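The values are calculated or read from the model by the stated rules, or taken from the named source; none is laboratory data. Quick caveat: nothing in here was measured; it's all calculated off a predicted structure. Don't worry about glycine lacking a Cβ; one is built from the backbone with ideal geometry, like all the others, and counts go over all protein chains shown. Surface accessibility is based on the protein's heavy atoms, side chains included, excluding ligands, DNA and RNA. Shrake-Rupley method; radii C 1.70, N 1.55, O 1.52, S 1.80 Å.
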Amino acid sequence: MPTNSKSILDTPIEYLKGVGPIRADLLKKELGIHTVLDLLQSYPFRHIDKTKFHKISEINIADDFVQVKGVLNKLQVHGQARKKRLTAQLKDETGSIQLVWFKGVAWLEKNLQPGVNYVCYGKVNFFNGRINVPHPELTLPNENTQTSSHLAPVYHSTEKLNVKGLDSKGRRIIIFHLLQRMSGEKLEEHLPDYILQKLKLMGRHEALVNIHFPKDQRCLDQAVRRIKFDEVFYFQLRMSQLRADRQMHIKGLSFGKVGSYFNQFYKECIPFELTGAQKRVIKEIRVDLGSGVQMNRLLQGDVGSGKTMVGLLTMLLALDNGFQACMIAPTEILAQQHYASLKKDLEQLGISVGYLAGSVKGKKRKLLLEELATGTLQILIGTHAVLEDPVVFKNLGLAITDEQHRFGVAQRSKLWKKNKPIPPHILVMTATPIPRTLAMTMYGDLEVSKIDEMPPGRKPVTTLHKTEENRLYVFGLMRKLIAAGQQVYIVYPLIEESAKLDLNNLMQGYESLERDFPKPEYQISIVHGRMKTEDKDYEMQRFVRNETQIMIATTVIEVGVNVPNASLMIIENTERFGLSQLHQLRGRVGRGADQAFCILMSKKNISKGSYKRIKSMVRTTDGFEIAEADLKLRGPGSIDGTMQSGMAMFKLTDIVRDGDMIRVCREMAVRIFEKDPSLELDIHKKMRLHLEHYFHLVKGWSRIS
């Protein structure tokens, strides 16, 4: 294996002593470990104190983890096939304790040596009136002393790794010997001295050693802090680099004119006063559009805060400057609602608005595409169909995506190609509010606008948690509100009964409600994703016209349904929904003058995570607070890649708990790029090389909204 530190880190894992081709293949498949650096960055998830030993006679059920020395004997295999287990006895001068394994029995039986002294570490268990230790870690005494510090690392593992000796103990030995070999030549430091000194950071090599085998708790804490800093700082450098690159090299269409379309609509057609937040955001967008640099802005705001009106006014600015505009939505229902609303709003201005979705076919589709290509169609509203290659604009100046989290990054990137050579301005909108720390991380290269003010007169939705025992109360509230002329949504997670999930399903719910709310006194609509578009539209319109009082639906109504007269949302099997989805569903009510209610129905016995989600929903209607809670429960998605779940780049950093570090790193990265945009100064040379080396696979997807 090469001896210099850089090539050691890049060395394929199969060339590492103690690994080999077979084990290497398993590490790649099970943990994604391909190189020595990958192995060193598969950090332990906890450390255990290996300096304390128990006497077997002193162990009791109140103990958590224990470490004992003793002679191993009485190895026996019990049962067959999947029920096979291995038991053994460990004995010291004070007594004996049973050890038991349920996995990797064949390998253990072959490799454990009866009559030999072992150090045993494991979690105490009480079964059939006896104390035992299931799946203990066994180490030979000299091996234990050699690879253990005051705090010994514990790594995540799998059954397949355990069988091949690559369990936590096996990897600990491999990493220990690797770090010993690397001790003669320390890893090169890539951070400038001024950063290390200002923030009092541990050196790179010391941090990598102490994250695995710390001298003490203080060294471990310092190592964790340094590694977290590297993760966040280089990510923020990357974001700053992308932002600077976009501003320097990606030209934007210049919308320098505020003309008759915008002014007439603003003065004559808006039936209400815009909120202060809406006015502020429009000013921010106008600055972007006139800068000569492509706008790449995220507009976030809670359900009902008025994002669509801001989007409409932005489209009018594009039209005033001689360009077309488009808005794409994730569902036909939402796209059709936008289309109907915009067509009505813009009718008196003589603006041509078109609609395109998968359901638009034949002559109608052909005519629309011709009008789009010649420029006679000024605004296009649609679904994913807008992204298809045959859809060609004459001069697209603005592309808006609504509910942007519903579109894959690769899909959104297609919007860039709809106007050549200069890409259109991009505005992405979301009704899922994003916490500040996540926004700084996920959208580090976007400008972020926030509508944090609701229209005046809106009453907060009263949210209640109920179980099946409270069904009569729920039906009573439904009858009361319907008698007052109001309407009700009931949302189910499934369309039909599932053998795997014990859930109330939509069809059963419909049949049950028909008995409790019989015709002709009550009328019920039903909407779900498997219905034909025209059938869904028919049922939706009946509900909008108040011809039906109850709407039974799946989450197809999560976005896009605007019925101000609906004042009660009942969500069945709430434990099966995520927080952001629950918040979106709740946003369907409370749009009128009446007090609105949201009832979260669940089983009596639900998981701890489900209970926390429901508790958050009952406690607050603030979307940003809910987003923070959702972030803590579920974690963020991937940022710079095309994946949208799992932040693989951050191995130790928690973007909720480490918000202060994220802020420090972002501010420092921004200052560095202001002074040294190309990182060409001598003090930044190593930092630039490190950034290039470890981000060479990144394709810059995050630039595309």
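General observations
- Top-ranked residue of the stretch 144-159 - restricted to ones that are out of contact with any helix residue (DSSP H, G or I) (no Cβ under 6 Å at 6 or more places or on another chain) and either polar (S, T, N, Q) or open to solvent by 50 Å² or more (accessible area, probe 1.4 Å) (or both), ranked as modelled with the highest pLDDT: HIS156
- The helices (runs of 4 or more DSSP H) found entirely in the stretch 605-705 that carry 3 or more residues being surrounded by fewer than 19 Cβ atoms within 10 Å (Cβ to Cβ) and at pLDDT below 80 are 623-634.
- Close Cβ contacts (under 9 Å, 6 or more residues apart or on different chains) running from residues in the stretch 519-541 that are closer than 16 Å to THR555 by Cα to residues that are of a type in the set (Asp, Glu) and at pLDDT 85 or above comprise SER525/GLU539; SER525/GLU547; ILE526/GLU539; VAL527/ASP535; VAL527/GLU539; MET531/GLU539.
- Index of the failed condition, PHE272 passing every other in (1) farther than 21 Å from VAL293 by Cα; (2) surrounded by 16 or more Cβ atoms within 10 Å (Cβ to Cβ): (2)
- Residue among LEU274, LEU237 that alone is closer than 23 Å to THR430 by Cβ and either in contact (Cβ under 8 Å) with a residue 12 or more places away in the chain or part of a loop (DSSP other than H, G, I, E, B) (or both): LEU274
- Members of the stretch 595-622 that are touching a Leu at 6+ places or on another chain (Cβ under 8 Å) and of a type outside the set (Val, Ile, Thr): ALA596, PHE597, CYS598, LEU600, GLY609, LYS612, ARG613, SER616, MET617
- When residues of the stretch 56-79 are limited to those that are part of a loop (DSSP other than H, G, I, E, B) and open to solvent by 40 Å² or more (accessible area, probe 1.4 Å), the one farthest from THR94 (Cα to Cα): GLY79
- Condition met for ARG246 (open to solvent by less than 60 Å² (accessible area, probe 1.4 Å), at pLDDT below 90 and touching a strand residue (DSSP E or B) at 6+ places or on another chain (Cβ under 7 Å)): yes
- When the stretch 293-311 is filtered for residues that are within 20 Å of GLY590 (Cβ to Cβ) and either open to solvent by less than 10 Å² (accessible area, probe 1.4 Å) or touching a residue at least 60 places away in the same chain (Cβ under 8 Å) (or both), the ones remaining, listed by number, are GLN300, GLY301, ASP302, VAL303, GLY304, SER305, GLY306, LYS307, THR308.
- Taken over the stretch 507-525, the criterion of being in contact with a helix residue (DSSP H, G or I) (Cβ under 8 Å, 6 or more places away or on another chain) and either open to solvent by 30 Å² or more (accessible area, probe 1.4 Å) or of a type in the set (Ser, Thr, Tyr) (or both) is satisfied by ASP516, TYR522, GLN523, SER525.
- Residue within the stretch 277-287 that is farther than 19 Å from MET454 by Cα and surrounded by 13 or more Cβ atoms within 10 Å (Cβ to Cβ) present: yes
Residues are listed down the side, and each one gets a yes or a no for (1) more than 41 Å from the chain's Cα centre (by Cα); (2) modelled with pLDDT under 80; (3) charged (D, E, K, R):
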{"residue": "VAL68", "(1), (2), (3)": "yes, no, no"}
{"residue": "GLU109", "(1), (2), (3)": "yes, no, yes"}
{"residue": "CYS120", "(1), (2), (3)": "no, no, no"}
{"residue": "ASN132", "(1), (2), (3)": "no, no, no"}
{"residue": "GLU137", "(1), (2), (3)": "no, no, yes"}
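- Matching residues in the stretch 240-264 - criterion: being assigned to a helix (DSSP H, G or I) and within 16 Å of ASN395 (Cβ to Cβ): TYR261
- Residue satisfying all of: in the stretch 14-55; hydroxyl-bearing (Ser, Thr, Tyr) and not in a loop (DSSP other than H, G, I, E, B); least open to solvent (accessible area, probe 1.4 Å) among these: THR35
- When ARG204 is tested against the conditions (1) modelled with pLDDT under 90; (2) open to solvent by 10 Å² or more (accessible area, probe 1.4 Å); (3) touching a helix residue (DSSP H, G or I) at 6+ places or on another chain (Cβ under 9 Å), the lone failure is (1).
- Some residue of the stretch 595-603 being in a loop (DSSP other than H, G, I, E, B), open to solvent by less than 10 Å² (accessible area, probe 1.4 Å), closer than 18 Å to ASP302 by Cβ and of a type outside the set (Ser, Thr, Tyr): yes
- Of the residues making up the stretch 189-224, those that are under 25 Å from GLU692 (Cβ atoms) and charged (D, E, K, R) are GLU189, ASP193, LYS198, ARG204, GLU206.
- Test set (1) touching a helix residue (DSSP H, G or I) at 6+ places or on another chain (Cβ under 8 Å); (2) within 25 Å of LEU161 (Cα to Cα) - GLY95 fails condition number: (2)
- Residue check: THR574 meets all listed conditions (1) open to solvent by 10 Å² or more (accessible area, probe 1.4 Å); (2) in contact (Cβ under 8 Å) with a residue 12 or more places away in the chain but one, namely (1).
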